[in-house]
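Contents: one structure, followed by commentary.
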Amino acid sequence: MDDRDPQLAMTRATHDRAAEHRLDDAWLAKTWESSDARVLVTARGKVHWTDRSADGNGPALVLVPPADAPEGERYFLGVDPDGTPHFAVAAEALPESIDAQVGSLYTLGSVLGDRDAGLLVHAVGLENWHRTHTFCARCGKPTRSASAGHVRKCTECAADHFPRTDPAVIMLVIDPLGRALLGRQASWPEKRFSTLAGFVEPGESLRQAVAREVAEEVGVRIEDATYVDSQPWPFPSSLMLGFHATAADDRIRVDGNEIAEARWFTRDELRAAVDGGEVLLPGRISISRHLIELWFGERFSDSVKW
């Protein structure tokens, strides 16, 4: 498999974010009134979707004209290659007038087309940030949306606050024998195994974060870490930075708090464990699946959606 996978579920955006229009209120107002504009309505991460897109190629988001959008905070997402402008509206509830299925980024991220996947990641990321940053971190007064949804401005001290993204490392650890280390968090269902991960701390490089998190969670010492790829993870506001890490030894000492168990797998052992239902892998929406499959050398079944 190639080092880069074009099918990483949440890195397939095709829209131009067209940031040059975010401060152009006249352009935004005119574009909102355009019959060409389309709106993605979100309600606490939920969206409407349909089984078949206009071209018949599978699931698609339900996008409505601005006139059909409900009340809510409005964000400008960008412009498609074909020139279609896209907005998002964060509503308190999805409109009951729309006859469609309800889903979320978790359930739809890996099955939508490239355009819709990109719009959904962008919209959900903005909605999550706006809902949790309604007050100024400097003076405590309320903030309001600005710059077409990409800034919050304090109504008292006029401070600008920008969307928060928390860097987190996610790594598949490989030992000198070529085995991969997978762990299960204490909060996960039985049999669910994945790669290790953790947030980057202040003043820490990415490789330092990889080594620290692995040592803290499973007690394994890391000799090296190689960057593979990155993926937005707006649950609520992370950027996952993926690595393959080389272990100096294979002694496992789980922390017993965050990680309940961890195991080394050869490729044959992992295949047998997955086929036999002993191990449940993360779904294709997560970069963890990509890191595992790069090491494994081929794809597993797409049956898992998490």
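Details
Quick grid of which residues meet (1) among the aliphatic types (A, V, I, L, M); (2) crowded, with 16+ Cβ neighbours inside 10 Å; (3) in contact (Cβ under 8 Å) with a residue 40 or more places away in the chain; (4) under 14 Å from VAL121 (Cα atoms):
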| residue | (1), (2), (3), (4) |
| --- | --- |
| ARG12 | no, yes, yes, yes |
| ASP25 | no, no, no, no |
| VAL41 | yes, yes, yes, yes |
| ASP51 | no, no, yes, no |
| GLY72 | no, yes, no, no |
| LEU94 | yes, yes, yes, no |
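- Hey, SER238 assigned by TED's automatic domain parsing to the domain that holds ALA273, farther than 21 Å from PRO282 by Cα and of a type in the set (S, T, N, Q) or not: no
- Qualifying residue in the stretch 159-167 (condition: more than 23 Å from LEU77 (Cα to Cα), of a type outside the set (Lys, Arg) and in a strand (DSSP E or B)): no
- Exclusive hit being at pLDDT below 95 and surrounded by 14 or more Cβ atoms within 10 Å (Cβ to Cβ), set PRO66, PRO59, PRO85: PRO59
- Single residue of the stretch 124-152 satisfying the filter (touching a residue at least 60 places away in the same chain (Cβ under 8 Å) and under 30 Å from THR195 (Cβ atoms)) that is surrounded by the fewest Cβ atoms within 10 Å (Cβ to Cβ): THR132
- From the options LEU94, LEU23, LEU8, residue that is in contact with a His (Cβ under 9 Å, 6 or more places away or on another chain), at pLDDT 95 or above, not in a strand (DSSP E or B) and not small (Gly, Ala, Ser): LEU94
- Filter pass, SER187 being under 29 Å from ALA13 (Cβ atoms) and small (Gly, Ala, Ser): no
- Filter pass, THR155 being touching a residue at least 60 places away in the same chain (Cβ under 8 Å), surrounded by fewer than 17 Cβ atoms within 10 Å (Cβ to Cβ) and over 18 Å from ARG271 (Cα atoms): no
- Being closer than 18 Å to ARG179 by Cα and touching a residue at least 24 places away in the same chain (Cβ under 8 Å) is a property that GLU216 lacks.
- Filtered residues of the stretch 169-223 (kept if assigned to a helix (DSSP H, G or I) and either of a type outside the set (Asp, Glu) or loosely packed, with under 13 Cβ neighbours inside 10 Å (or both)): LEU206, ARG207, GLN208, ALA209, VAL210, ALA211, ARG212, VAL214, ALA215, VAL218
- Taken together, the residues in the stretch 70-90 that are within 25 Å of the chain's Cα centre (by Cα) and either of a type in the set (D, E, K, R) or not in a strand (DSSP E or B) (or both) amount to 6.
- Looking across the stretch 229-249, the residues that are assigned to a strand (DSSP E or B) and either under 27 Å from TRP129 (Cα atoms) or out of contact with any strand residue (DSSP E or B) (no Cβ under 8 Å at 6 or more places or on another chain) (or both) come down to ASP229, SER230, GLN231, PRO232, TRP233, SER238, LEU239, MET240, LEU241, GLY242, PHE243.
- Residue check for LEU112: more than 19 Å from PRO236 (Cα to Cα), in contact (Cβ under 8 Å) with a residue 12 or more places away in the chain and in contact with a helix residue (DSSP H, G or I) (Cβ under 7 Å, 6 or more places away or on another chain): yes
- Some residue of the stretch 34-54 being among the small types (Gly, Ala, Ser) and in contact with a Lys or Arg (Cβ under 8 Å, 6 or more places away or on another chain): no
- Hey, PHE243 more than 19 Å from ASP175 (Cβ to Cβ), touching a residue at least 40 places away in the same chain (Cβ under 8 Å) and either assigned by TED's automatic domain parsing to the domain that holds LYS46 or aromatic (Phe, Trp, Tyr) (or both) or not: no
- Pairs linking a residue in the stretch 247-260 that is among the hydrophobic types (A, V, I, L, M, F, W, C) to a residue that is part of a loop (DSSP other than H, G, I, E, B), with Cβ atoms under 6 Å and 6 or more positions apart or on different chains, are ALA247/ASP175; ALA247/VAL220; ALA248/ARG221; ALA260/ALA186.
- Out of THR143, THR155, THR165, THR134, sole residue that is within 30 Å of THR226 (Cβ to Cβ) and of a type in the set (S, T, N, Q): THR165
The values are calculated or read from the model by the stated rules, or taken from the named source; none is laboratory data. Note that this is a predicted model, so its numbers are computed, not measured. Glycine also receives a Cβ, built like all others from the backbone with ideal geometry; neighbour counts cover every protein chain displayed.
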